[in-house]
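One structure below.
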Amino acid sequence: MTDPDNSPSAGTRPSPARPAVSIRPLHQQSQHQQSHHPAPKVSMAVWAGSVVVLLAIAAIMVVNLTDIRSALEASIALDNPDYSASDISDAVTVVLIGSGAAAVLLLLLTLLTVQLLSARKPSAWIVGAVVGVLGIAAGLGFRSLVSGADDVSAVLGWGPLLYCALVAVAAIAAVRR
């Protein structure tokens, strides 16, 4: 049965000191990573602004497509009188389809960047920088391609430049997180 000398009430010896126990996750973030730095929020807000500008340019293009197409055809015909009407029409079609495809691609890449930023992924700044460079190049390229249609809408003149500025700020803010 039980030993009378080992009974719980008979023990006069003090219990040994218990070691301090600390439970930490295997992957612990540093203090710098745990702090809530405002850069991702700023970057995400500016990326959202660039999407709004991109969608506004696309809406202007869709609403005024025939006028823009006519203005671009007239501009190309003025600069290149030896081109045929079908060549000019084909060139304008390529410009418009290429611009639309680039806008969709930039929109998807921007959404990817925002998702990576919101998840605080380390690759977010790399993707943001790449999207920033591509966005600026596409914005300036689009601006030069549709410069013949500035009379149709002023947005076609300053919209791509505003887009480039917003993308640059967003990419820099993402890197500076």
Qualifying positions in segment 108-117 - in contact with a Lys or Arg (Cβ under 9 Å, 6 or more places away or on another chain) and open to solvent by less than 50 Å² (accessible area, probe 1.4 Å): 117
Subset of segment 124-176 that is open to solvent by less than 30 Å² (accessible area, probe 1.4 Å) and touching a Cys at 6+ places or on another chain (Cβ under 8 Å) - its residue that is nearest to residue 70 (Cα to Cα): 139
Failed item, numbered, when residue 61 is tested on (1) closer than 30 Å to residue 175 by Cα; (2) surrounded by 14 or more Cβ atoms within 10 Å (Cβ to Cβ): (1)
Selected residue (only one of 75, 99, 89 is open to solvent by less than 80 Å² (accessible area, probe 1.4 Å), under 30 Å from residue 42 (Cα atoms) and out of contact with any strand residue (DSSP E or B) (no Cβ under 7 Å at 6 or more places or on another chain)): 99
Checklist (1) more than 28 Å from the chain's Cα centre (by Cα); (2) modelled with pLDDT of 95 or more applied to residue 49, failing item: (1)
Number of the exception - residue 120 against (1) in a helix (DSSP H, G or I); (2) open to solvent by 80 Å² or more (accessible area, probe 1.4 Å): (1)
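The values are calculated or read from the model by the stated rules, or taken from the named source; none is laboratory data. The structure presented is a predicted model; accordingly, all values stated were derived computationally and were not measured. In this analysis, Cβ positions are derived from the backbone assuming ideal geometry, glycine residues included, and neighbour counts consider all displayed protein chains. Note: areas computed on protein heavy atoms with side chains; ligands, DNA, RNA excluded. Shrake-Rupley method; radii C 1.70, N 1.55, O 1.52, S 1.80 Å.
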